[in-house]
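Here is the structure we will look at, set down as C-alpha coordinates.
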There are 2 protein chains.
Amino acid sequence: MHGFTLHNYFRSSTSFRVRVALNFKGIEYAYQSYHLRKGEQRSSAMLDLSPQGLVPVLELPDGRTLTQSMAIIEWIDETCPGPPLLPSDVYGRARVRSLAQMVACEIHPINNLRVLKELETSFGADSATVATWFRKWVDTTFVPLEKRLEAEELTGLFCHGDTPTMADICLSAQVINNKRFSVDMTQYPTIARIHERCMDLEAFNNAKPELQPDAE
Amino acid sequence: MHGFTLHNYFRSSTSFRVRVALNFKGIEYAYQSYHLRKGEQRSSAMLDLSPQGLVPVLELPDGRTLTQSMAIIEWIDETCPGPPLLPSDVYGRARVRSLAQMVACEIHPINNLRVLKELETSFGADSATVATWFRKWVDTTFVPLEKRLEAEELTGLFCHGDTPTMADICLSAQVINNKRFSVDMTQYPTIARIHERCMDLEAFNNAKPELQPDAE
(Lines give C-alpha, C1' and ligand atoms only; values in the text may rest on other atoms or scores of the structure.)
Protein backbone atom coordinates (compact mmCIF):
# COMPACT_ATOMS: atom_id res chain seq x y z
CA MET A 1 0.00 0.00 0.00
CA HIS A 2 1.19 3.54 -0.67
CA GLY A 3 -0.09 7.04 -1.05
CA PHE A 4 -0.90 7.76 2.60
CA THR A 5 -0.03 11.12 4.10
CA LEU A 6 0.05 11.63 7.85
CA HIS A 7 -0.50 15.25 8.85
CA ASN A 8 1.03 15.40 12.29
CA TYR A 9 3.62 16.82 14.67
CA PHE A 10 6.58 15.07 16.23
CA ARG A 11 5.66 15.91 19.81
CA SER A 12 1.92 15.28 19.53
CA SER A 13 0.91 12.29 21.59
CA THR A 14 -2.09 11.45 19.39
CA SER A 15 0.18 11.66 16.32
CA PHE A 16 2.53 9.16 17.98
CA ARG A 17 -0.40 6.76 18.38
CA VAL A 18 -1.16 6.81 14.67
CA ARG A 19 2.52 6.56 13.68
CA VAL A 20 2.83 3.39 15.78
CA ALA A 21 -0.27 1.84 14.20
CA LEU A 22 0.97 2.64 10.67
CA ASN A 23 4.44 1.27 11.46
CA PHE A 24 2.92 -1.80 13.07
CA LYS A 25 1.07 -2.66 9.87
CA GLY A 26 4.05 -1.79 7.72
CA ILE A 27 2.30 1.09 5.97
CA GLU A 28 4.54 3.69 4.41
CA TYR A 29 3.36 7.27 4.53
CA ALA A 30 4.43 10.77 3.65
CA TYR A 31 5.13 12.87 6.75
CA GLN A 32 3.59 16.33 6.77
CA SER A 33 4.41 18.43 9.81
CA TYR A 34 2.41 21.22 11.49
CA HIS A 35 4.16 23.12 14.24
CA LEU A 36 1.55 23.30 17.00
CA ARG A 37 3.17 26.02 19.10
CA LYS A 38 3.35 28.20 15.98
CA GLY A 39 -0.33 27.47 15.24
CA GLU A 40 0.33 25.85 11.86
CA GLN A 41 -2.53 23.41 12.47
CA ARG A 42 -4.90 26.36 11.98
CA SER A 43 -3.51 27.13 8.52
CA SER A 44 -6.04 27.10 5.68
CA ALA A 45 -4.33 24.02 4.19
CA MET A 46 -5.03 22.10 7.40
CA LEU A 47 -8.54 23.50 7.86
CA ASP A 48 -9.37 22.30 4.35
CA LEU A 49 -8.37 18.81 5.43
CA SER A 50 -10.13 18.98 8.79
CA PRO A 51 -12.28 21.80 10.17
CA GLN A 52 -11.08 20.94 13.67
CA GLY A 53 -7.57 22.07 12.83
CA LEU A 54 -6.06 19.31 14.93
CA VAL A 55 -3.36 16.77 14.19
CA PRO A 56 -3.28 13.91 13.38
CA VAL A 57 -5.14 13.70 10.08
CA LEU A 58 -4.59 10.64 7.91
CA GLU A 59 -5.03 11.36 4.21
CA LEU A 60 -5.92 8.22 2.30
CA PRO A 61 -4.65 7.36 -1.19
CA ASP A 62 -8.11 8.27 -2.57
CA GLY A 63 -7.90 11.76 -1.05
CA ARG A 64 -10.42 11.19 1.73
CA THR A 65 -9.30 12.08 5.24
CA LEU A 66 -9.64 10.44 8.62
CA THR A 67 -9.53 12.35 11.89
CA GLN A 68 -9.43 11.48 15.61
CA SER A 69 -6.55 9.16 16.46
CA MET A 70 -8.63 6.35 17.98
CA ALA A 71 -10.97 6.25 14.98
CA ILE A 72 -7.94 6.24 12.66
CA ILE A 73 -6.37 3.31 14.51
CA GLU A 74 -9.62 1.30 14.31
CA TRP A 75 -9.71 2.04 10.56
CA ILE A 76 -6.10 0.93 10.13
CA ASP A 77 -6.78 -2.25 12.07
CA GLU A 78 -9.92 -3.03 10.07
CA THR A 79 -8.44 -2.43 6.63
CA CYS A 80 -4.74 -3.23 6.74
CA PRO A 81 -3.33 -6.74 6.80
CA GLY A 82 -0.77 -7.58 9.44
CA PRO A 83 -0.84 -8.27 13.15
CA PRO A 84 -4.14 -7.17 14.77
CA LEU A 85 -4.31 -4.25 17.19
CA LEU A 86 -7.46 -5.59 18.88
CA PRO A 87 -8.09 -9.09 20.25
CA SER A 88 -10.28 -11.51 18.31
CA ASP A 89 -12.80 -12.02 21.15
CA VAL A 90 -15.45 -9.45 21.99
CA TYR A 91 -14.70 -9.24 25.73
CA GLY A 92 -11.01 -8.78 24.93
CA ARG A 93 -11.82 -5.98 22.52
CA ALA A 94 -13.93 -4.25 25.18
CA ARG A 95 -11.11 -4.59 27.71
CA VAL A 96 -8.49 -3.21 25.31
CA ARG A 97 -10.71 -0.32 24.25
CA SER A 98 -11.45 0.44 27.90
CA LEU A 99 -7.74 0.51 28.83
CA ALA A 100 -7.00 2.66 25.78
CA GLN A 101 -9.81 5.05 26.61
CA MET A 102 -8.64 5.45 30.19
CA VAL A 103 -5.75 7.34 28.61
CA ALA A 104 -7.53 8.75 25.56
CA CYS A 105 -10.63 10.03 27.40
CA GLU A 106 -9.43 10.61 30.97
CA ILE A 107 -5.87 11.92 30.77
CA HIS A 108 -4.85 13.22 27.39
CA PRO A 109 -7.73 15.67 26.67
CA ILE A 110 -7.35 17.45 30.01
CA ASN A 111 -3.59 17.78 29.54
CA ASN A 112 -3.66 18.82 25.92
CA LEU A 113 -1.55 21.81 24.90
CA ARG A 114 -4.59 24.03 24.30
CA VAL A 115 -5.99 23.30 27.77
CA LEU A 116 -2.65 24.02 29.44
CA LYS A 117 -2.45 27.29 27.49
CA GLU A 118 -5.96 28.17 28.68
CA LEU A 119 -4.87 27.70 32.31
CA GLU A 120 -2.13 30.28 31.68
CA THR A 121 -4.46 32.69 29.89
CA SER A 122 -7.53 32.49 32.12
CA PHE A 123 -6.01 31.76 35.51
CA GLY A 124 -2.46 33.09 35.15
CA ALA A 125 -1.09 29.64 35.91
CA ASP A 126 2.72 29.56 35.93
CA SER A 127 4.76 26.60 34.68
CA ALA A 128 4.86 24.92 38.12
CA THR A 129 1.08 25.13 38.44
CA VAL A 130 0.64 23.75 34.93
CA ALA A 131 2.95 20.84 35.79
CA THR A 132 0.97 20.11 38.96
CA TRP A 133 -2.24 20.07 36.91
CA PHE A 134 -0.68 17.73 34.36
CA ARG A 135 0.56 15.28 36.99
CA LYS A 136 -2.74 15.37 38.88
CA TRP A 137 -4.67 13.99 35.90
CA VAL A 138 -2.00 11.47 35.04
CA ASP A 139 -2.00 10.15 38.62
CA THR A 140 -5.80 10.17 38.87
CA THR A 141 -5.95 7.62 36.08
CA PHE A 142 -2.55 5.90 36.27
CA VAL A 143 -3.27 4.72 39.84
CA PRO A 144 -6.35 2.69 38.79
CA LEU A 145 -4.72 1.76 35.45
CA GLU A 146 -1.73 0.32 37.32
CA LYS A 147 -4.13 -1.50 39.67
CA ARG A 148 -6.04 -3.03 36.75
CA LEU A 149 -2.94 -4.07 34.82
CA GLU A 150 -1.38 -5.54 37.94
CA ALA A 151 -4.50 -7.41 39.09
CA GLU A 152 -6.26 -8.55 35.93
CA GLU A 153 -5.13 -11.92 34.69
CA LEU A 154 -5.58 -10.96 31.04
CA THR A 155 -2.54 -8.70 31.34
CA GLY A 156 0.55 -10.33 29.87
CA LEU A 157 3.81 -9.01 28.49
CA PHE A 158 1.61 -6.22 27.15
CA CYS A 159 -1.66 -4.70 28.41
CA HIS A 160 -3.65 -7.59 26.99
CA GLY A 161 -1.80 -10.84 26.49
CA ASP A 162 1.59 -11.11 24.89
CA THR A 163 1.14 -9.00 21.77
CA PRO A 164 0.68 -5.23 21.56
CA THR A 165 -2.75 -3.67 21.09
CA MET A 166 -4.35 -0.28 20.90
CA ALA A 167 -4.11 -0.12 24.71
CA ASP A 168 -0.31 -0.32 24.58
CA ILE A 169 -0.24 2.40 21.96
CA CYS A 170 -2.15 4.79 24.22
CA LEU A 171 -0.20 3.78 27.32
CA SER A 172 3.15 4.37 25.63
CA ALA A 173 2.07 7.67 24.12
CA GLN A 174 1.15 8.88 27.61
CA VAL A 175 4.33 7.65 29.29
CA ILE A 176 6.38 9.50 26.66
CA ASN A 177 4.29 12.61 27.22
CA ASN A 178 4.80 12.33 30.98
CA LYS A 179 8.54 12.90 30.62
CA ARG A 180 7.98 16.57 29.86
CA PHE A 181 6.39 17.01 33.29
CA SER A 182 8.60 14.71 35.37
CA VAL A 183 5.91 12.22 36.39
CA ASP A 184 7.40 9.76 38.89
CA MET A 185 7.01 6.44 37.08
CA THR A 186 8.36 4.36 39.99
CA GLN A 187 4.78 4.46 41.31
CA TYR A 188 3.66 2.51 38.25
CA PRO A 189 5.89 -0.55 37.83
CA THR A 190 3.47 -2.48 35.60
CA ILE A 191 2.84 0.46 33.30
CA ALA A 192 6.59 1.14 33.16
CA ARG A 193 7.36 -2.51 32.39
CA ILE A 194 4.83 -2.61 29.54
CA HIS A 195 6.06 0.70 28.15
CA GLU A 196 9.65 -0.56 28.07
CA ARG A 197 8.55 -3.70 26.29
CA CYS A 198 6.70 -1.59 23.71
CA MET A 199 9.68 0.61 23.06
CA ASP A 200 11.77 -2.47 22.27
CA LEU A 201 9.56 -2.92 19.20
CA GLU A 202 10.52 -1.16 15.99
CA ALA A 203 6.96 0.07 15.36
CA PHE A 204 6.97 1.98 18.66
CA ASN A 205 10.59 3.03 18.63
CA ASN A 206 10.43 4.48 15.13
CA ALA A 207 7.37 6.55 16.12
CA LYS A 208 9.24 8.33 18.93
CA PRO A 209 9.11 12.12 18.81
CA GLU A 210 12.87 12.56 18.64
CA LEU A 211 13.16 10.35 15.54
CA GLN A 212 10.68 12.34 13.46
CA PRO A 213 11.82 14.69 10.66
CA ASP A 214 10.44 17.78 12.44
CA ALA A 215 12.01 16.95 15.82
CA GLU A 216 13.77 19.88 17.48
CA MET B 1 -31.30 -11.16 27.41
CA HIS B 2 -31.39 -10.31 31.09
CA GLY B 3 -29.17 -9.98 34.09
CA PHE B 4 -27.41 -6.74 33.14
CA THR B 5 -26.82 -4.08 35.78
CA LEU B 6 -25.91 -0.55 34.81
CA HIS B 7 -24.03 1.29 37.54
CA ASN B 8 -24.64 4.91 36.69
CA TYR B 9 -26.07 8.30 37.61
CA PHE B 10 -29.01 10.11 36.09
CA ARG B 11 -27.12 13.29 35.26
CA SER B 12 -23.93 11.65 33.99
CA SER B 13 -23.50 12.26 30.29
CA THR B 14 -21.49 9.07 29.73
CA SER B 15 -24.18 7.10 31.59
CA PHE B 16 -26.77 8.57 29.22
CA ARG B 17 -24.75 7.26 26.28
CA VAL B 18 -24.83 3.70 27.58
CA ARG B 19 -28.53 3.91 28.54
CA VAL B 20 -29.37 4.92 24.96
CA ALA B 21 -27.35 2.04 23.51
CA LEU B 22 -29.01 -0.49 25.85
CA ASN B 23 -32.47 0.91 25.07
CA PHE B 24 -31.71 0.92 21.38
CA LYS B 25 -30.94 -2.79 21.41
CA GLY B 26 -33.91 -3.51 23.69
CA ILE B 27 -31.76 -4.76 26.56
CA GLU B 28 -33.35 -4.64 30.00
CA TYR B 29 -31.08 -3.81 32.90
CA ALA B 30 -31.13 -3.18 36.61
CA TYR B 31 -30.44 0.47 37.45
CA GLN B 32 -27.91 1.06 40.20
CA SER B 33 -27.34 4.70 41.10
CA TYR B 34 -24.25 6.43 42.51
CA HIS B 35 -24.66 10.04 43.55
CA LEU B 36 -21.60 11.73 42.07
CA ARG B 37 -21.78 14.96 44.04
CA LYS B 38 -21.91 12.90 47.24
CA GLY B 39 -18.91 10.86 46.06
CA GLU B 40 -20.77 7.54 46.08
CA GLN B 41 -18.78 6.40 43.02
CA ARG B 42 -15.77 6.14 45.33
CA SER B 43 -17.54 3.70 47.67
CA SER B 44 -15.84 0.35 48.18
CA ALA B 45 -18.73 -1.39 46.36
CA MET B 46 -17.98 0.67 43.25
CA LEU B 47 -14.20 0.40 43.56
CA ASP B 48 -14.58 -3.38 43.66
CA LEU B 49 -16.39 -3.17 40.33
CA SER B 50 -13.98 -0.67 38.80
CA PRO B 51 -10.79 0.75 40.33
CA GLN B 52 -11.41 4.01 38.48
CA GLY B 53 -14.48 4.74 40.59
CA LEU B 54 -16.28 6.22 37.62
CA VAL B 55 -19.74 5.64 36.21
CA PRO B 56 -20.90 4.06 34.00
CA VAL B 57 -19.98 0.43 34.67
CA LEU B 58 -21.94 -2.27 32.88
CA GLU B 59 -22.10 -5.50 34.86
CA LEU B 60 -22.70 -8.46 32.58
CA PRO B 61 -24.89 -11.46 33.41
CA ASP B 62 -21.72 -13.53 34.02
CA GLY B 63 -20.48 -11.02 36.61
CA ARG B 64 -17.73 -9.48 34.49
CA THR B 65 -17.71 -5.72 34.17
CA LEU B 66 -17.17 -3.29 31.33
CA THR B 67 -15.96 0.27 31.79
CA GLN B 68 -15.52 3.36 29.60
CA SER B 69 -18.74 4.32 27.84
CA MET B 70 -17.38 4.16 24.27
CA ALA B 71 -15.90 0.69 24.82
CA ILE B 72 -19.20 -0.43 26.37
CA ILE B 73 -21.18 0.83 23.37
CA GLU B 74 -18.87 -0.99 20.94
CA TRP B 75 -19.36 -4.18 23.02
CA ILE B 76 -23.14 -3.75 22.99
CA ASP B 77 -23.10 -3.19 19.24
CA GLU B 78 -20.89 -6.24 18.62
CA THR B 79 -22.83 -8.65 20.81
CA CYS B 80 -26.48 -7.63 20.85
CA PRO B 81 -28.88 -8.20 17.98
CA GLY B 82 -30.94 -5.28 16.78
CA PRO B 83 -30.27 -2.17 14.71
CA PRO B 84 -26.52 -1.43 14.37
CA LEU B 85 -24.90 1.57 16.01
CA LEU B 86 -22.05 1.67 13.48
CA PRO B 87 -22.29 1.63 9.66
CA SER B 88 -21.47 -1.54 7.76
CA ASP B 89 -18.67 0.02 5.67
CA VAL B 90 -15.24 0.72 7.05
CA TYR B 91 -15.04 4.38 5.98
CA GLY B 92 -18.47 4.99 7.51
CA ARG B 93 -17.35 3.44 10.77
CA ALA B 94 -14.28 5.67 10.83
CA ARG B 95 -16.44 8.73 10.18
CA VAL B 96 -18.94 7.84 12.90
CA ARG B 97 -16.20 7.08 15.42
CA SER B 98 -14.48 10.34 14.53
CA LEU B 99 -17.66 12.38 15.04
CA ALA B 100 -18.34 10.54 18.31
CA GLN B 101 -14.81 11.12 19.53
CA MET B 102 -14.97 14.82 18.76
CA VAL B 103 -17.39 14.92 21.68
CA ALA B 104 -15.96 12.06 23.75
CA CYS B 105 -12.30 13.10 23.49
CA GLU B 106 -12.44 16.86 22.91
CA ILE B 107 -15.35 18.22 24.94
CA HIS B 108 -16.61 15.91 27.64
CA PRO B 109 -13.34 15.10 29.47
CA ILE B 110 -12.39 18.78 29.88
CA ASN B 111 -15.87 19.65 31.18
CA ASN B 112 -16.27 16.70 33.49
CA LEU B 113 -17.47 17.38 37.03
CA ARG B 114 -14.11 16.56 38.58
CA VAL B 115 -12.29 18.99 36.28
CA LEU B 116 -14.77 21.78 37.01
CA LYS B 117 -14.33 21.11 40.74
CA GLU B 118 -10.56 21.32 40.31
CA LEU B 119 -10.93 24.78 38.73
CA GLU B 120 -12.77 25.87 41.87
CA THR B 121 -10.26 24.27 44.23
CA SER B 122 -6.99 25.23 42.51
CA PHE B 123 -7.89 28.53 40.90
CA GLY B 124 -10.82 29.76 42.99
CA ALA B 125 -13.03 29.80 39.90
CA ASP B 126 -16.57 31.01 40.65
CA SER B 127 -19.64 29.63 38.91
CA ALA B 128 -19.53 32.23 36.12
CA THR B 129 -15.91 31.38 35.35
CA VAL B 130 -16.71 27.66 35.37
CA ALA B 131 -19.58 28.28 32.94
CA THR B 132 -17.29 30.26 30.62
CA TRP B 133 -14.77 27.40 30.68
CA PHE B 134 -17.53 24.88 29.89
CA ARG B 135 -18.88 26.88 26.96
CA LYS B 136 -15.39 27.57 25.61
CA TRP B 137 -14.69 23.85 25.10
CA VAL B 138 -18.15 23.15 23.72
CA ASP B 139 -17.78 25.95 21.18
CA THR B 140 -14.21 24.97 20.27
CA THR B 141 -15.49 21.63 19.02
CA PHE B 142 -19.12 22.37 18.15
CA VAL B 143 -18.06 24.97 15.55
CA PRO B 144 -16.10 22.41 13.46
CA LEU B 145 -18.63 19.66 14.28
CA GLU B 146 -21.45 21.84 12.92
CA LYS B 147 -19.30 22.63 9.87
CA ARG B 148 -18.65 18.94 9.19
CA LEU B 149 -22.27 17.87 9.67
CA GLU B 150 -23.48 20.72 7.51
CA ALA B 151 -20.95 20.17 4.70
CA GLU B 152 -20.38 16.43 4.50
CA GLU B 153 -22.76 14.63 2.20
CA LEU B 154 -22.85 11.52 4.37
CA THR B 155 -24.87 13.46 6.94
CA GLY B 156 -28.56 12.62 6.73
CA LEU B 157 -31.44 12.82 9.17
CA PHE B 158 -28.82 11.77 11.69
CA CYS B 159 -25.04 12.34 11.86
CA HIS B 160 -24.45 9.53 9.37
CA GLY B 161 -27.30 8.67 7.06
CA ASP B 162 -30.85 8.25 8.19
CA THR B 163 -30.44 5.95 11.18
CA PRO B 164 -28.86 6.78 14.52
CA THR B 165 -25.30 5.74 15.36
CA MET B 166 -22.79 6.11 18.13
CA ALA B 167 -22.13 9.64 16.86
CA ASP B 168 -25.74 10.68 17.56
CA ILE B 169 -25.50 9.18 21.03
CA CYS B 170 -22.49 11.34 21.89
CA LEU B 171 -23.93 14.42 20.20
CA SER B 172 -27.20 14.16 22.12
CA ALA B 173 -25.49 13.48 25.43
CA GLN B 174 -23.48 16.67 24.95
CA VAL B 175 -26.46 18.82 23.91
CA ILE B 176 -28.33 17.69 27.02
CA ASN B 177 -25.30 18.49 29.15
CA ASN B 178 -25.03 21.93 27.56
CA LYS B 179 -28.39 22.96 29.02
CA ARG B 180 -26.87 23.25 32.47
CA PHE B 181 -24.51 25.96 31.21
CA SER B 182 -26.84 27.81 28.81
CA VAL B 183 -24.92 27.10 25.61
CA ASP B 184 -26.54 29.06 22.77
CA MET B 185 -27.63 26.29 20.40
CA THR B 186 -28.90 28.68 17.71
CA GLN B 187 -25.26 28.77 16.51
CA TYR B 188 -25.52 25.07 15.69
CA PRO B 189 -28.63 24.46 13.61
CA THR B 190 -27.52 21.10 12.19
CA ILE B 191 -26.50 19.74 15.59
CA ALA B 192 -29.76 21.01 17.07
CA ARG B 193 -31.82 19.44 14.27
CA ILE B 194 -30.13 16.05 14.71
CA HIS B 195 -30.52 16.22 18.47
CA GLU B 196 -34.25 16.88 18.18
CA ARG B 197 -34.63 13.98 15.80
CA CYS B 198 -32.79 11.73 18.28
CA MET B 199 -35.00 12.78 21.17
CA ASP B 200 -38.06 11.77 19.17
CA LEU B 201 -36.85 8.19 19.45
CA GLU B 202 -37.87 6.16 22.49
CA ALA B 203 -34.34 4.84 23.05
CA PHE B 204 -33.01 8.38 23.48
CA ASN B 205 -36.02 9.84 25.23
CA ASN B 206 -36.17 7.09 27.85
CA ALA B 207 -32.50 7.63 28.67
CA LYS B 208 -33.04 11.30 29.58
CA PRO B 209 -31.72 12.32 33.00
CA GLU B 210 -35.11 13.50 34.27
CA LEU B 211 -36.74 10.13 33.56
CA GLN B 212 -34.27 8.08 35.61
CA PRO B 213 -35.19 6.65 39.03
CA ASP B 214 -32.55 8.77 40.83
CA ALA B 215 -33.54 12.05 39.13
CA GLU B 216 -33.83 15.00 41.47
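The values are calculated or read from the model by the stated rules, or taken from the named source; none is laboratory data. As the structure is a prediction and not an experimental result, all values here were calculated from the model. A quick note on method: Cβ atoms are made from the backbone with ideal geometry, for glycine too, and the neighbour counts reach across all protein chains shown. Heads up: the accessible areas ignore ligands, DNA and RNA and are worked out on the full protein's heavy atoms, side chains in. Shrake-Rupley method; radii C 1.70, N 1.55, O 1.52, S 1.80 Å.
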Could you figure out which of (1) part of a helix (DSSP H, G or I); (2) in contact (Cβ under 8 Å) with a residue 60 or more places away in the chain; (3) open to solvent by 40 Å² or more (accessible area, probe 1.4 Å) isn't true of A:VAL20? (3)
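How many residues does region B:207-216 contain that are more than 20 Å from B:MET70 (Cα to Cα) and open to solvent by 20 Å² or more (accessible area, probe 1.4 Å)?
At the first step, the residues of region B:207-216 found to be more than 20 Å from B:MET70 (Cα to Cα) are B:210-216.
Remaining after also requiring open to solvent by 20 Å² or more (accessible area, probe 1.4 Å): B:210-211, B:213-216.
Total meeting the criteria: 6.
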Considering only region A:150-162, I want to know if a residue exists there that is touching a residue at least 60 places away in the same chain (Cβ under 8 Å) and under 18 Å from the mean Cα position of the chain (by Cα). yes
Give the residue that is most open to solvent (accessible area, probe 1.4 Å), with candidates limited to residues of region B:100-114 that are more than 7 Å from every other protein chain (Cβ to nearest Cβ) and within 13 Å of the chain's Cα centre (by Cα). B:ASN112
I'd like the full set of residues that are closer than 21 Å to B:SER69 by Cβ and part of a loop (DSSP other than H, G, I, E, B), limited to region A:57-100. A:GLN68, A:LEU85, A:LEU86, A:PRO87, A:ASP89
Just to verify a result, which residue in region B:43-99, among those that are at the interface with chain A (Cβ under 10 Å from one of its Cβ atoms) and on the phi > 0 side of the Ramachandran plot, is least open to solvent (accessible area, probe 1.4 Å)? B:GLY53
Selection count, region A:185-216, where residues are modelled with pLDDT of 95 or more and either more than 24 Å from A:ASP77 (Cα to Cα) or among the hydrophobic types (A, V, I, L, M, F, W, C) (or both): 21
Tally the residues that are under 12 Å from A:LEU58 (Cβ atoms) and assigned to a strand (DSSP E or B), restricting the search to region A:23-35. 4
In region A:96-129, what residues are within 18 Å of A:ASN178 (Cβ to Cβ) and either in contact with an Asp or Glu (Cβ under 7 Å, 6 or more places away or on another chain) or among the acidic types (Asp, Glu) (or both)? A:GLU106, A:PRO109
